[in-house]
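Each remark here refers to the structure printed beneath this line.
Since every read-out is calculated from the coordinates, none of them should be taken as a lab result. Here the structure is a predicted model, which means the values were calculated and not measured. As a convention, Cβ positions derive from the backbone with ideal geometry for all residues, glycine included, and neighbour counts pool all protein chains shown.
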Amino acid sequence: MSAFSDSKVRRAIILSIFSITALVGLVSGALFAYSPDLPEIENLDDYAPETITRVFDRNNKLIGEFQTQRRDIIGYDDIPEVLRNAIIAAEDGTFFEHNGISIPAIVRTIITDLSRGELAQGASTLTMQLARNITVGGERLGLEKNWQRKLREIYYTFQLEKRYTKNEILTLYANEMYLGTSTQAANGVESASQLYFGKSAKDLTLGEAALIAGIFQSPARQSPLVSIERATGRRNYTLRRMAADGFITAEVADAEIAKPIVIAERQQRVNSIAPYFLEEVRQHLEKEYGANRLYEDGLTVRSTLDIDLQRAANKAVSQGLRTLDKRHGFRGARTNVLTGNNPVSVIKDFSHSRWQYPLSIGDMVPAVVTGTTDNSIEVRVSDYFLNIDEDGYRWTRHTSPKELFKIGDLVDVTLTGLPANGQEHGSASLDQEPEVEASLVAIDNRTGHVLAMVGGYNFQRSKFNRATQAFRQLGSLFKGVLYAAAVDQGYTTTTILEDEPVSFEVGPNQAPYRPTNYDNEYEGPITLRWALEDSRNVPAVWLMNEIGPDKVVEFGKRVGFSSPIPPYLSVALGSAEATLMEVTSAYSVFPNQGKRMVPFIIERVIDREGQTLEEHRPQSHDALRADTAYIMVSLMRGVVQRGTAQRARRELNWPVGGKTGTMDEYTDAWFVGFDPDITVGVWVGYDEKKTLGDNEQGARVALPIWIDFMKAYIGNRQTPPGFIPPGNIVFTSIVPKTGEVAEPWARGVIQEAFIAGTEPGTAFRRQ
């Protein structure tokens with residue numbers, strides 16, 4: 001340093017001393033006059049900054065979060081010593097020595113500014129930083145530079161130092177300060193630790209602690225998610241300060257400086273697991289407690305969801321819709337990313353937001369076409385190059401990839417193999433995002449717990465929940481309610497119904513109602529079982545007329561339909577509308593011995609102090625007699641064994657029953673089925689009423705989704721549960737087509753269930 005510079009620094013020191021002396025006097029006088037108008041800082045005794053409301057599944061696994069600030073409060077003992085030391089070294093080396101204002105720091109700042117050197121350490125102490133960031137009297141000081149704000153900052157700094165210990169101030173500081181980026185929130189060291197390293201703060205290494213402490217100064221610039229170079233520089237600065245202050249040795253600091261920064265792999269947001277279910281929870285909480293409490297007060301919600309079943313539901317719906325969509329042809333690439341005069345560099349530099357998250361086999365992700373041959377397509381996904389062979393694009397019905405794609409086309413692919421062990425290429429199959437929608441609901445029969453919920457293909461595409469908000473015509477699915485009403489009135493599985501052309505008068509000046517079967521053929525007299533298993537239309541309408549539409553509608557209310565059902569004969573064929581949740585709940589009555597459990601999604605809500613705000617328990621209603629319910633179980637199992645849902649029998653070795661449903665012109669496809677423990681409903685269709693395509697029936701569209709879900713639900717279980725008949729159920733060998741008692745030599749007989757006194761050979765009277 002030159003003599004001139006030395007002289008300049010000495011003058012600066014002298015000037016600083018006089019300036020600070022005068023400043024202290026001036027500030028003291030101003031505070032004396034100004035402080036009576038300022039609120040006390042005692043509200044920090046009950047420090048309760050905005051925290052995260054968390055939603056857990058029934059097994060205490062996290063499924064969702066709501067917050068305006070991403071913060072997890074931790075105590076002093078949970079902040080590891082290495083992190084406490086790093087914060088002090090980086091932000092305020094004399095923290096334990098000053099009373100809130102650091103005179104040496106002020107002098108150092110003035111000298112540095114005057115000599116135009118690098119700012120080694122700011123004049124703001126840790127306590128001063130905290131003072132400008134906390135909320136006092138409903139306001140936060142912020143960073144606006146004016147004398148009033150500065151006075152308030154100094155006043156609150158002294159208040160903090162007077163009222164709280166140094167350890168308490170450090171804890172407040174570590175929990176309060178923002179450490180995230182513009183796109184990735186993190187308030188406090190615990191949230192920052194989870195964001196950057198995927199671990200709790202108490203598990204941080206020395207280098208990791210130094211990085212977090214280093215970015216307190218300016219996370220928007222120095223976060224490793226923004227600039228790994230600047231983050232490395234701040235980490236290294238912190239390590240050197242820790243060595244200078246005696247927290248670590250220089251050798252240890254140098255060893256850590258030599259290590260690269262390793263950031264945790266960015267994870268999919270937890271809210272993406274069950275977004276439709278979570279939105280139902282959010283709406284309930286906001287209605288009950290208000291938005292402020294929901295987003296700021298850190299509620300804990302115990303829900304009924306099963307996260308493993310939810311993942312199975314997500315996969316089943318996604319795969320089922322993509323299969324359906326691909327049956328109707330390839331719509332072409334999303335877009336082409338080529339721009340400018342240098343397409344190679346454009347493709348090389350192209351990145352998609354989805355690529356920021358982990359990639360796994362089976363994921364459908366965007367990919368950019370990098371080349372084509374006569375029989376293969378090469379694409380890039382993130383840093384991976386993948387080949388799509390003929391099996392992967394055959395569904396498009398195109399024989400030549402060169403005719404199908406251009407370089408730079410953005411397409412959807414499903415990952416089938418990622419490069420590993422020195423491989424240059426992985427593999428994928430061509431896919432496309434379906435335009436059709438679907439919903440799925442799974443309900444625990446004995447409790448009413450909603451175990452899984454899918455409200456559409458993609459929550460980001462549409463937040464409309466088709467499981468709870470979409471009122472769709474039920475098609476043949478309503479026959480389950482109709483036939484249950486019949487059994488309740490005394491009809492048996494062997495009662496003969498008429499399957500022949502029929503005409504019903506519906507009112508003056510109106511054309512007669514003439515229902516037809518889907519195949520326009522008629523079987524003549526058939527048993528009630530056969531009519532249901534084969535989903536015949538005419539016998540259903542005939543039965544509706546026999547029982548009376550009003551009685552059937554009233555019965556529908558008993559089993560759980562809250563949507564209005566008009567008392568018309570056409571309701572027998574599903575002209576009435578209801579939600580998937582309603583019809584799934586109604587069907588759960590059958591395997592639950594006639595008891596309807598009101599479906600619900602929240603078990604308990606707890607506040608941040610651990611007090612229970614609300615609690616929900618299963619609510620049971622007697623909807624059917626247990627014997628009627630068992631007969632319906634038997635009929636629905638027949639639908640799987642011999643009827644429209646035989647695919648479930650072929651693919652599942654499990655006791656299940658259910659019913660398909662299809663609306664005219666194939667606009668809505670349904671399947672609702674159950675085992676003794678769970679009832680699952682599936683709907684598929686477009687939001688606007690249009691056809692799914694020729695022959696896209698419930699058995700072809702909805703049933704496969706249901707089967708895929710049930711396969712995951714069954715898993716590796718070897719011992720299935722059983723449907724236990726009530727004591728007044730008797731079994732008789734019956735010829736299913738005729739309903740007659742089987743002779744000993746008869747073939748194809750079934751053991752038919754009857755309510756005692758209604759079996760063949762006994763006299764009974766319908767109610």
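Annotations
- In the chain, the calculated helix contribution to ellipticity at 222 nm averages -11000 deg cm²/dmol per residue, counting -39,500 (n - 2.57) for every DSSP H run with n ≥ 4.
- In order along the stretch 218-229, the Karplus-derived 3J(HN,Hα) couplings, from 6.51 cos²θ - 1.76 cosθ + 1.60 at θ = phi - 60°, round to 7, x, 4, 9, 9, 4, x, 7, 9, 8, 5, 5 Hz, and Gly and Pro are given as x.
- For 436, 301, the sequence from fewest to most other C-beta atoms within 10 Å is 436, 301.
- Residue by residue, the stretch 702-718 carries 3J(HN,Hα) couplings of 7, 4, x, 5, 4, 4, 4, 5, 5, 4, 5, 5, 5, x, 9, 5, 9 Hz when phi is fed to the Karplus relation 6.51 cos²θ - 1.76 cosθ + 1.60 (θ = phi - 60°); x denotes Gly or Pro.
- Taking a Cβ cut-off of under 13 Å around residue 565, the surrounding Lys, Arg, Asp and Glu residues balance to a net charge of -1, with basic ones at +1 and acidic ones at -1.
- Quarter of Cα convex hull surface for the stretch 332-431, i.e. mean projection, nm²: 6.3
- Note: the chain, Cα convex hull, 246 Å³ per residue.
- C-alpha long axis of helix 147-163 to longest principal axis of the chain, angle in °: 80
- Within the shell of other residues whose beta carbon sits under 10 angstrom from the beta carbon of residue 734, the net charge comes to -1, with Lys and Arg scored +1 and Asp and Glu -1.
- When each of the peptides 411-419, 741-749, 502-510, 697-705 is scored by how many other beta carbons lie within 10 Å of its residues on average, the order from highest to lowest is 697-705, 411-419, 741-749, 502-510.
- Three semi-axes of the equivalent ellipsoid, the stretch 166-294, Cα gyration tensor, whole Å, largest first: 34, 17, 12
- Considering all different alpha carbon pairs of the stretch 286-384, the Kirkwood hydrodynamic radius works out to 18.2 Å.
- Residue order, fewest to most surrounding Cβ atoms within 10 angstrom, among 588, 376, 575: 376, 575, 588
- Mean Cβ neighbour count within 10 Å, used as a protection proxy, ranking 245-255, 471-481 highest first: 471-481, 245-255
- Ascending count of other beta-carbon atoms within 10 Å, so fewest first, for 393, 587, 237, 76: 76, 237, 393, 587
- Environment charge at residue 174 (Cβ cut-off 10 Å; Lys +1, Arg +1, Asp -1, Glu -1): -2
- Based on C-alpha pairs under 8 angstrom that are at least 6 apart in sequence, the stretch 332-431 has a relative contact order of 32 percent.
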